[in-house]
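K.L.:
I have a structure I would like to understand better, so I am pasting it below and will then ask my questions one at a time.
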Amino acid sequence: MASIRPRSLPFRALRAPTALRPTCRLHITPRSTVQQKSQFTRNHSTSSVSADEVSHFSKLASEWWDPMGHSRVLHLMNPLRHEFIAQCLAEGPPPADALSPGSKPANLHYLDIGCGGGIFAESLARTIPLDPAADAPTPTRAASMTAIDPTTALITIAKNHARMDPTVDSHLRSGKFRYLNTTLEDVLASEVESPSESSVTHPQYDVVSLFEVIEHIDFKTTTPEAFLANCLRGVKPGGWLVGSTIARTLPSFILNQVIAEAPWPIGVVPRGTHEWNKFVNPSELHAWSQEALIRAADTAVTRAGAAALEGSQWKCVGTIYVPGLGWKIVPGSEDWGNYFWAIKRGV
Ligand SMILES: C[S@@+](CC[C@H](N)C(=O)[O-])C[C@H]1O[C@@H](n2cnc3c(N)ncnc32)[C@H](O)[C@@H]1O
């Protein structure tokens, strides 16, 4: 496949990342950087978005729903996402999921960040029951799905595709399923009434998903730590942030850049899709998410410390793409390349 954006020499990536990505860094920055909502939002509401990435993904939009096209690996990965989320919900049900007599079986609200053309978002929306009192057809317990992406062409493709399924279309019309051409930063900058405290806060969701996105944010204007902290701000206490990404290792360089981006018929994604030095190791995600949770619980006068992690959970499992067979969950392979990860906020 033709290269659609300029690439640096591959081996530059192998020596580049140390300045950008100290492994498992737990640095302390002034508290004001997390406490002021404005740090990541005010005047910079699209700061995590790279114009190059938007341009790259815009060019892929028309083929997004072709199961044999360049999004093939995402289509093949989708059933594993549902499986992984089901495991998270079974191991750590969000408070809204603790069913009391009379409560609705499908009561979880989802946010899909960087939804692309809607492969996961649409499949999740299909599990929202038409009758709110009915059982959800899968363990998702989904009551609603809000899917956001900064790439306009992808949101258009996503909406058009969703309208073809009467059930999903009906959720679009009722507002239970929403596609928004917006950024996480803008969602967090918007205000909603807090149900418990009758005060104004930003929107929060029971399950926030971030599949194959963190390695595409703009490292010139933000950091993966800051982006992750923002993702966690969108999670309700007791809810889950789940995602998938790629570890920054020599095998992942060979697999995801040299082989996966090789010309057809070897390659499975378009050249220029990935930058190896933007891949994130599981240990980094774990440490950054813990730091974000601790700092989010700090107040002006007290530091929350490790107590802020009480009730939180971390899950991580490797996935391997086997040509001809698709994706397989392979515990232990997470430090090599592709993996699913999840963090549950304490209540
Ligand atoms: C590899 S695609 C993954 C799409 C989808 N999550 C999936 O797995 O099917 C990466 C997506 O991230 C989006 N993206 C890039 N930068 C982003 C950012 N800063 N915030 C949110 N989404 C972003 C792109 O527009 C693109 O749709």
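K.L.:
Go through region 295-322 and report how many residues are more than 30 Å from Leu76 (Cβ to Cβ), surrounded by 14 or more Cβ atoms within 10 Å (Cβ to Cβ) and aliphatic (A, V, I, L, M).
P.N.:
Selection size over region 295-322: 5.
K.L.:
Among the residues of region 260-281, write down those that are out of contact with any helix residue (DSSP H, G or I) (no Cβ under 8 Å at 6 or more places or on another chain), over 17 Å from Leu74 (Cβ atoms) and surrounded by fewer than 19 Cβ atoms within 10 Å (Cβ to Cβ).
P.N.:
Ala262, Pro263, Trp264, Pro265
K.L.:
Which one of Ser58, Ser38, Ser48 is within 10 Å of the ligand (Cβ to nearest atom) and either modelled with pLDDT under 50 or not in a helix (DSSP H, G or I) (or both)? Steps first, answer last, please.
P.N.:
On the way: Ser58 fails: either modelled with pLDDT under 50 or not in a helix (DSSP H, G or I) (or both); Ser38 fails: within 10 Å of the ligand (Cβ to nearest atom).
Criteria check complete, one pass: Ser48.
K.L.:
Yes or no: Ile128 at pLDDT 90 or above and in a loop (DSSP other than H, G, I, E, B)? Break it down stepwise before answering.
P.N.:
Numbers: at pLDDT 90 or above: yes; in a loop (DSSP other than H, G, I, E, B): yes.
So Ile128 fits the description; yes.
K.L.:
Restricting to region 249-264, and then to whatever is among the polar types (S, T, N, Q) and in contact with a strand residue (DSSP E or B) (Cβ under 9 Å, 6 or more places away or on another chain), can you tell me which residue is modelled with the lowest pLDDT? Quick ask: steps written out before the conclusion?
P.N.:
Of the residues in region 249-264, the ones among the polar types (S, T, N, Q) are 249, 252, 256-257.
When the remaining residues are screened for being in contact with a strand residue (DSSP E or B) (Cβ under 9 Å, 6 or more places away or on another chain), the result is 252, 256.
Numbers: Ser252: 85, Asn256: 80.
My answer is Asn256.
K.L.:
For region 218-240, which positions are more than 11 Å from the chain's Cα centre (by Cα), within 15 Å of the ligand (Cβ to nearest atom) and not acidic (Asp, Glu)?
P.N.:
Phe219, Lys220, Thr221, Thr222, Thr223, Pro224, Ala226, Ala229, Asn230, Arg233, Gly234
K.L.:
What are the pairs, 6+ residues apart or on separate chains, where a residue within region 93-110 that is crowded, with 17+ Cβ neighbours inside 10 Å has its Cβ under 9 Å from a residue that is at pLDDT below 55 and of a type outside the set (Val, Ile, Thr)?
P.N.:
Going by the 9 Å Cβ cut-off, the qualifying pairs are Pro93/Leu99; Asn107/Asp97; Asn107/Leu99; Leu108/Asp97.
K.L.:
Just checking, which of Ile294, Ile343 is touching a helix residue (DSSP H, G or I) at 6+ places or on another chain (Cβ under 8 Å) and free of Cβ contacts under 8 Å to residues at least 60 places away in the same chain?
P.N.:
Working: Ile343 fails: free of Cβ contacts under 8 Å to residues at least 60 places away in the same chain.
Of Ile294, Ile343, the one residue that is touching a helix residue (DSSP H, G or I) at 6+ places or on another chain (Cβ under 8 Å) and free of Cβ contacts under 8 Å to residues at least 60 places away in the same chain is Ile294.
The values are calculated or read from the model by the stated rules, or taken from the named source; none is laboratory data. Keep in mind that what you see is a predicted model, and the values were worked out from it rather than measured. With ideal geometry, Cβ positions are generated from the backbone for all residues, glycine too; neighbour counts draw on all protein chains shown.
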